[in-house]
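Asker: Please read through the structure below; I'll follow up with questions.
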Amino acid sequence: MEKKVKTCVFISGKGTNLDHIIKNSRSYNFPIKVDLIISNNSKAEGLNIAKKHNIPFICVSYKDQSFFERICLFELRKKNIKFLCLAGFMKVLSSKFIRSFNGKIINIHPSLLPKYKGLNAYKRVLKNNELYSGCSVHYVSNKIDGGKIILQKKFILDKYETEKTLKLKTLKKEHLLYSQSIISLFK
Ligand code: GRF
């Protein structure tokens, strides 16, 4: 692909989704290129993934929301970033910030949205004895995990599912779904 969309991935933790996005983005036909990684957590393991792939990263750990966003916007503009992927990013972005990116922000969530928005999705899925679970990639809007759904993957829960097994299963699906969603958006 001649011109890939300049993208920044926002993380707070392990960064396994980030790792898969970067690996997939190396394919010729993949529509985006990860040019920057932003973490709000200086101890995020995902920063080692940034280092491993030799991709520029910054930590912006200011608690003050507007200060945090101002710094991010400055860095994003500096690199001419046009698309944002949130991957395990644990901070809520303001409507103003979302608007300034013209809706070009997507996120991944470990449930079949609109069910189980917010934190502790696995725990709540198991508590409710759901037959199915899954993951969703969606646009980021000013409602937490409430933006338009792009793609979802659904699977059956095992009889003896635990939080640990459900997390492993979900992450495995997420790693495929995130890249499939990005491809589908730029078709
Ligand atoms: C994923 O389960 C994602 O759905 C949620 O946070 C987790 C991030 O995992 N938003 P990783 O940091 O990509 O490994």
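Asker: Counting other Cβ atoms within 10 Å, keep those with at most 13, restrict to DSSP loop, and tell me which trypsin sites (Lys or Arg not before Pro) in the stretch 1-66 are left.
Answerer: Passing both the DSSP loop test and the Cβ count: Lys3, Arg26, Lys43, Lys63.
Asker: Among Ile55, Ile38, Ile156, which one moves the most in a GNM of the chain with springs linking Cα atoms closer than 10 Å?
Answerer: Ile156
Asker: Further question: Just the accessible area per residue of the stretch 1-153, please: how many Å² with a 1.4 Å probe?
Answerer: That works out to 54 Å² for each residue.
Asker: In the stretch 124-171, how does Rg compare with the Kirkwood Rh, expressed as the Rg/Rh ratio over alpha carbon atoms?
Answerer: Computed over Cα atoms, the ratio is 1.03.
Asker: Any aspartates and glutamates with Cα under 18 Å of the Lys52 Cα? List them, leaving off those in the same chain fewer than 8 positions away.
Answerer: The qualifying aspartates and glutamates are Asp19, Asp35.
Asker: Then there is this: Which entries in Lys78/Lys167; Lys23/Lys43; Lys6/Lys164; Lys51/Lys117; Lys43/Lys159 show an alpha-carbon gap greater than 29 Å? Display every interim value, and only then the final one.
Answerer: Working: Lys78/Lys167 36 Å; Lys23/Lys43 22 Å; Lys6/Lys164 35 Å; Lys51/Lys117 31 Å; Lys43/Lys159 36 Å.
As for pairs spanning more than 29 Å Cα to Cα, those are Lys78/Lys167; Lys6/Lys164; Lys51/Lys117; Lys43/Lys159.
Asker: In the chain, what percent of the accessible surface is made up of carbon and sulfur (1.4 Å probe, ligands and nucleic acids excluded)?
Answerer: Looking at the chain in its full context, I get 54 percent from C and S.
Asker: Would you mind estimating how fast the stretch 1-146 diffuses translationally, via Stokes-Einstein at 10 °C and 1.306 mPa s with the Kirkwood radius over Cα pairs, in µm²/s?
Answerer: 99 µm²/s
Asker: Only four residue types carry charge here, +1 at the Cβ of Lys and Arg and -1 at the Cβ of Asp and Glu. Report the dipole size of the chain about the Cα centre in Debye, rounded to the nearest 20.
Answerer: 220 debye
Asker: Same structure, new question: Determine, for each peptide in 85-91, 170-176, the mean count of other beta carbons within 10 angstrom over its residues, then list the peptides with the highest first.
Answerer: For the peptides 85-91, 170-176, the packing ranking is 85-91, 170-176.
The values are calculated or read from the model by the stated rules, or taken from the named source; none is laboratory data. The structure displayed is predicted, hence computed values, not measured ones. Neighbour counts run over all protein chains shown; Cβ positions are idealised from the backbone, glycine included. With ligands, DNA and RNA removed, areas are computed over all heavy atoms of the protein, side chains included. Shrake-Rupley method; radii C 1.70, N 1.55, O 1.52, S 1.80 Å.
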